[in-house]
Structure formats: C-alpha cells, structure tokens
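For reference, the structure discussed in these notes is given below.
The values are calculated or read from the model by the stated rules, or taken from the named source; none is laboratory data. The shown structure was predicted, so the numbers you read here are calculated from the model rather than taken from an experiment. Cβ sites come from the backbone with ideal geometry, for glycine too, and all protein chains shown count toward neighbours. Areas reflect the complete protein model, heavy atoms only, side chains present, ligands, DNA and RNA absent. Shrake-Rupley method; radii C 1.70, N 1.55, O 1.52, S 1.80 Å.
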Amino acid sequence: MIAIIDYDAGNIKSVEKALHYLGEETAVTRDPEVILSADHVILPGVGSFGDAMQKLKEYELIPVIQKVVERKIPFLGICLGLQLLFESSEESPGVEGLGILKGKILAIPRDQGWKVPHIGWNSLHFPTEGKLFRGLPEGAYVYFVHSYYLKAEEEQIVKASTEYVVPIHASVEQGQVFACQFHPEKSGEVGLTILKNFAAVGREDV
C-alpha cells in the first residue's frame with residue numbers, strides 16, 4: 001500500500017488517480033500508524049513553502065516523515081514535496097525545511113524575459129542513473145509548474161536536470177528518498193513510468 005500524506009496541499013487527487021491507474025492500493029492519510037505501515041510513502045504538494053511547513057507541524061507529521069526516512073521506507077516528494085525535503089526556501093525566509101537533504105530552494109530569476117511561474121513541458125537530462133528513470137530515454141519530457149527551483153548541495157544525488165532560465169535540479173535520489181520538482185502524475189506515459197518505477201523500489205527482490 002502506498003500512503004499519500006494529506007496535509008491540505010493541492011494535487012493529492014491526481015497523484016492518487018495515477019497510482020490507481022497503475023493498479024496500486026493507496027491511502028490518503030495523516031494517520032502516523034497508517035503512514036508508517038505503508039510500503040511506500042508520497043509527499044505531494046502545490047502551495048507555499050512556509051504554509052506547508054506550518055501544516056506539517058500542525059498535523060505533527062514532521063517526526064512521522066523522519067521515521068519513514070529512518071526506516072528506509074521508499075519515500076517520494078513531488079513538486080512542493082521535493083522542496084520541503086531541503087533546508088530552506090527563498091519563498092519563505094526564516095522558515096526551516098525538513099532538512100532531510102542538503103540544498104536550498106531558490107527563486108527562478110524574473111529579469112530575463114521568461115515567464116514565471118514556469119508552466120509547461122521540459123526535457124530531462126540524466127547526469128547519472130536513477131531508479132525512477134529506468135527505461136526512459138535521455139530528453140524525456142515532463143510537466144512543470146513552479147516559481148522556485150532546487151539547487152542541491154551534493155551534485156551526486158541529482159538524477160535528472162533541466163533548464164529554464166537557469167539550470168534546475170529536477171529530481172534527486174539518496175538512499176530510499178526520491179523527489180521530483182515536476183509532476184509525474186501529469187506527465188503522461190513518462191510520468192506513469194516514473195511512478196511505476198517508484199512503486200517497484202524495494203519490491204525488486206520480493
């Protein structure tokens with residue numbers, strides 16, 4: 001069962017729908033017992049960094065997420081869910097992120113004639129092999145909606161990158177923690193392959 005963490009962030013339904021299409025059993029929940037008994041956990045999200053961290057605190061989900069990571073349950077952050085895994089964001093100065101991964105979330109520069117937020121399809125470059133991207137060709141297109149982007153401190157965790165005004169770390173992987181700035185649930189067949197690859201993590205040897 002895949003637990004989808006419910007902390008009042010947007011986009012939960014489309015993630016759930018994509019997983020059901022793949023035949024996965026899901027639970028949209030903020031119940032710690034349900035989350036910790038799941039074999040995979042997803043933190044989706046659309047919204048602001050500061051508000052999201054406040055909701056995670058309010059629902060006492062921060063220690064639950066930390067336990068998921070400690071127990072090496074495969075964990076996937078999507079869009080805002082990726083950003084929350086890092087230390088801070090220019091969107092919400094002074095607000096600490098989860099700090100599970102090292103890096104900062106920066107604002108996409110607005111002074112170069114490009115539209116912000118970045119909304120649309122971009123191709124991915126795969127600097128090193130990542131489990132989420134097995135079976136996908138270099139240059140595969142995925143769907144982005146964001147005004148802020150990740151600059152990871154450790155380049156070796158970056159498994160997919162793209163460019164929009166600046167180089168963007170589009171997906172990271174460290175141990176059993178995975179995250180995508182783009183929306184796999186809105187990225188057609190490529191996105192479904194990414195979600196299917198995530199669901200297969202930890203099941204390969206079963």
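Numbers at a glance
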read-out	value
Candidate lysines - alpha carbon under 30 Å from K102, same-chain residues fewer than 8 apart omitted	K13, K55, K57, K67, K72, K115, K131, K151, K159, K186, K196
Inter-label distance for S14 and A200, nm, one decimal - labels placed 7 Å from Cα along Cα-to-Cβ	2.5 nm
Modelled label reach - R71, point 7 Å along Cα→Cβ, the stretch 35-52 residues with backbone N closer than 17 Å	35-43
The stretch 40-135: trypsin sites (Lys or Arg not before Pro) falling in loop per DSSP and having at most 16 other Cβ within 10 Å	R71, K72, K102, R110, K115, R134
Loop GluC sites (Glu not before Pro), the stretch 100-155 (other Cβ atoms within 10 Å of the site Cβ: 16 or fewer; DSSP)	E129, E138, E153, E154
Cα centroid separation, the stretch 44-99 to the stretch 1-24 (Å)	17 Å
Charged-residue dipole, Cβ positions (Lys, Arg, Asp, Glu), the stretch 74-177 about Cα centre, Debye nearest 20	240 debye
Accessible area expressed per residue, the chain, with surrounding protein chains retained (probe 1.4 Å, Å²)	46 Å²
Simple spin-label estimate for V165 and D111 in nanometres, 7 Å along Cα-Cβ	1.1 nm
Exposed-loop-free span, longest in the chain, where chymotrypsin sites (Phe, Trp or Tyr not before Pro) count as exposed if DSSP calls them loop and at most 16 other C-beta atoms lie within 10 Å	115-206
Fraction of antiparallel bridges per DSSP, the chain only, in percent to nearest 5	60 percent
Using alpha carbons only: equivalent-ellipsoid semi-axes of the stretch 11-134, gyration tensor based, whole Å	25, 20, 15
